[in-house]
Amino acid sequence: MPDNQKQHWDHIYNTKAEDEVSWFQSYPKTSMEFVEMFNLPLDANIIDIGGGDSHFADALLDKGYQNIWVLDLSAAAIEKAKQRLGENASKVHWIVSDVTDFEPPVPFHFWHDRAAFHFLTTEEKIYRYVAIGEEAIAKDGYLVLGTFSENGPKKCSGLEIKQYSETSMSARFEVAFNRIKCIQEDHTTPFNTVQNFLFSSFQRK
């Protein structure tokens, strides 16, 4: 990503309330349905890529999960999440990093990414992300990616994104992962616009 992307996201998180951004969800219903479907043990290593100040970590903590990691390019996003969680923030591992520079500290049993992967628009960055995921996710571990579908927006927060179909997403990860299922979902933003997402789930071979 360009160097100014960090400044771009820090500016957004420093100037907007959480319900003033299009991706806001008060509860990550679809993401938590995947957690429940996979029946993850409470000591599973779970990482939220591009988690920012989303409420996925909150929902995991409420369920009793003990090993939660949140990675985001924006320190401002993570600081907002910490403030919201209060004392519970100490129960989460926070990582400020570009995902394509990430060096996984542990094998992950569940890699979750809602709306980060689609900001990678060059083959080099996409390849790097996939390679890191292949290294980071434990055998039989799970990968869930939420991206804009081919019926979704072509830009987000002023940045170009890459749309995905079930076929194109599966092709990216087929070497090291078995596809479980892909679903499309309409996300209603705080501004009452609708964004069509593709959620794709895989299991590490």
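Quick notes on this structure:
- All conditions in (1) within 17 Å of HIS8 (Cβ to Cβ); (2) of a type outside the set (Ser, Thr, Tyr); (3) at pLDDT 95 or above hold for PHE119, with the sole exception of (3).
- Residue count for the range 108-129, restricted to those that are within 24 Å of PRO28 (Cα to Cα) and either part of a helix (DSSP H, G or I) or charged (D, E, K, R) (or both): 6.
- First in the range 184-205 and under 16 Å from LYS155 (Cα atoms), second anywhere and of a type in the set (Asp, Glu) and not in a strand (DSSP E or B), Cβ under 7 Å, 6 or more apart: LEU198/GLU166
- Number of positions in the range 179-193 that are surrounded by 13 or more Cβ atoms within 10 Å (Cβ to Cβ) and either assigned to a strand (DSSP E or B) or polar (S, T, N, Q) (or both): 8
- Residue match in the range 135-156 (condition: part of a helix (DSSP H, G or I) and in contact (Cβ under 8 Å) with a residue 24 or more places away in the chain): yes
The values are calculated or read from the model by the stated rules, or taken from the named source; none is laboratory data. Everything numeric here is computed off the predicted structure, so don't read it as measured data. Neighbour counts run over all protein chains shown; Cβ positions are idealised from the backbone, glycine included.
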